[in-house]
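Participant: Shown below is the structure under consideration.
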Amino acid sequence: MIRNTLILAAVLAAVSAPALAASHARDTFIKEQDVNGDGVVTKEEFVITRDQLFKAIDADKNGVLSKEEYVGEFKGRLEKRLAASTETAEKKEEERVRQMRQADVRFGVLDSDKSGGITPAEFAYSGWRMFVTHDTNKDGTVSAADPVAADTN
Ligand SMILES: [Ca+2]
Ligand SMILES: [Ca+2]
Ligand SMILES: [Ca+2]
């Protein structure tokens, strides 16, 4: 039974990986930002959760996210995910290297004025772009009613 489920999952992943990944990204977005649990993320909810996330990453509470804080918070979540994964140690190490490199690149993108730290304004701006990307029907909220764009991930 477990074996069959695994095979089915592998087949599904192979057949429709791009579409699944995209709708997964949207659904994760909704799950993480939907404060009142009605399945719809409003701009107000997004601002609240984005603010909470900023404060959670800002370990020394100086109002700016340093590279250590940003990458460190990401690494914490990544390690938890890897610990729960059933991949081989070799695959996990590959994934770790790849993900950490991406986190490094993301920090550089978020720190748009290259000051070495992410300000609340820079963080809010990147969040806003994410919101707009997911709000594909442009009604000002993100929900399951938003068709998943083929090129998002
Ligand atoms: Ca909501
Ligand atoms: Ca800080
Ligand atoms: Ca929408």
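Participant: Testing Val132 on (1) among the β-branched types (Val, Ile, Thr); (2) free of Cβ contacts under 8 Å to residues at least 12 places away in the same chain; (3) away from ligand 3 (no atom under 16 Å from the Cβ); (4) surrounded by 10 or more Cβ atoms within 10 Å (Cβ to Cβ), one condition comes back false. Which one is that?
Facilitator: (3)
Participant: So the check is Cβ under 7 Å with 6+ separation or different chains; which pairs have a first residue in the stretch 47-66 that's within 18 Å of Tyr125 (Cβ to Cβ) and without any contact (Cβ under 8 Å) to a residue 40 or more places away in the chain and a second one that's of a type in the set (S, T, N, Q) and within 16 Å of ligand 1 (Cβ to nearest atom)?
Facilitator: Between residues of the stretch 47-66 that are within 18 Å of Tyr125 (Cβ to Cβ) and without any contact (Cβ under 8 Å) to a residue 40 or more places away in the chain and residues that are of a type in the set (S, T, N, Q) and within 16 Å of ligand 1 (Cβ to nearest atom), the close pairs are Thr49/Gln33.
Condition check ((1) part of a helix (DSSP H, G or I); (2) more than 16 Å from ligand 2 (Cβ to nearest atom); (3) at pLDDT 95 or above; (4) surrounded by 11 or more Cβ atoms within 10 Å (Cβ to Cβ)) across all residues:
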position	(1), (2), (3), (4)
Phe46	yes, yes, yes, yes
Asp60	no, no, yes, no
Glu79	yes, yes, yes, yes
Leu82	yes, yes, yes, yes
Val97	yes, yes, yes, no
Val105	yes, yes, yes, no
Ser115	no, no, yes, no
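Participant: Count, please, the residues in the stretch 27-59 that happen to be touching a Ser or Thr at 6+ places or on another chain (Cβ under 8 Å) and away from ligand 1 (no atom under 16 Å from the Cβ).
Facilitator: Residues flagged as touching a Ser or Thr at 6+ places or on another chain (Cβ under 8 Å) and away from ligand 1 (no atom under 16 Å from the Cβ) within the stretch 27-59 amount to 0.
Participant: Collect the residues in the stretch 135-146 that are buried (at least 16 other Cβ atoms within 10 Å of the Cβ) and either more than 16 Å from ligand 1 (Cβ to nearest atom) or hydroxyl-bearing (Ser, Thr, Tyr) (or both), keeping them in residue-number order.
Facilitator: Residues satisfying the conditions are Thr141, Ser143.
The values are calculated or read from the model by the stated rules, or taken from the named source; none is laboratory data. Keep in mind the model is a prediction, meaning the values are calculated, not measured. For neighbour counting, all protein chains shown are included, and Cβ atoms are generated from backbone atoms with ideal geometry for every residue, glycine included.
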